[in-house]
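Shown next, in structure tokens, is the structure this report addresses.
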Amino acid sequence: MRLPTTLATAALTVPLLLALSACTKESERAADTTSAAPSSTGAPTPSATPSYPTFAAQDYSYHLEVLCFCPQLGTVEVVVRDGKVTEATSLDGPQAGASAPEFARLSINDILAQAHAPEIAKTKIDWPDGQDHPGSVMIDRIAQGVDDEVTYTIKDVQVTPEG
């Protein structure tokens, strides 16, 4: 038995539309949660001393790769001055040369604060012995959730000399 053309088209289109709508909503959620400042519900704030290891340098640049159910950026060069991100530029991928979106405008300590937030279900931090910063941070925001995980890879950290 052959399906009418309209029914066959609908059968193929509906799953595609559902997948795309999930992508959009998940991307927006990833952008919202990864760019959020630590909350006042126990997560570190700029005036509080974190109870976990942090990256001591306040002036540096590094290369960040964000792997999540969000728009893929490739490598982003992040410039941090006085502990705050001043620039974040995509180096390769589809947005090469463009300013990176908010979810990739993170200092190393912003990433660590996210990883240690009390509402996070699971975190895995790869911090090589003798290195002053982590190499990667994996965050699973919702236990047994789908598409809420994000992995940050931190490379080529260049501390700006004082003076």
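What follows is calculated from the coordinates using simple rules that are stated; it is not laboratory data. Model, not experiment: these values are computed from the prediction. When we count neighbours, we look across all protein chains shown, and the Cβ atoms used for this are built from the backbone with ideal geometry, even at glycine.
Observations, loosely collected:
- Annotation for Met138 and Asp126: the two label points, set 7 Å from Cα along the Cα-Cβ direction, are 0.9 nm apart.
- Each Lys and Arg contributes +1 and each Asp and Glu -1, all at the Cβ; summed about the Cα centre of the stretch 85-140, the dipole is approximately 100 debye.
- Net charge contributed by nearby residues that have their C-beta within less than 10 Å of Gly74 (K/R +1, D/E -1): -2
- For the stretch 106-163, GluC sites (Glu not before Pro) meeting the loop criterion (DSSP other than H, G, I, E, B) and having at most 10 other Cβ atoms within 10 Å: Glu162.
- In sequence order, calculated HN-Hα J values of the stretch 83-92 (Karplus, 6.51, -1.76, 1.60; Hz; x Gly/Pro): x, 10, 6, 9, 8, 8, 10, 5, 8, 8
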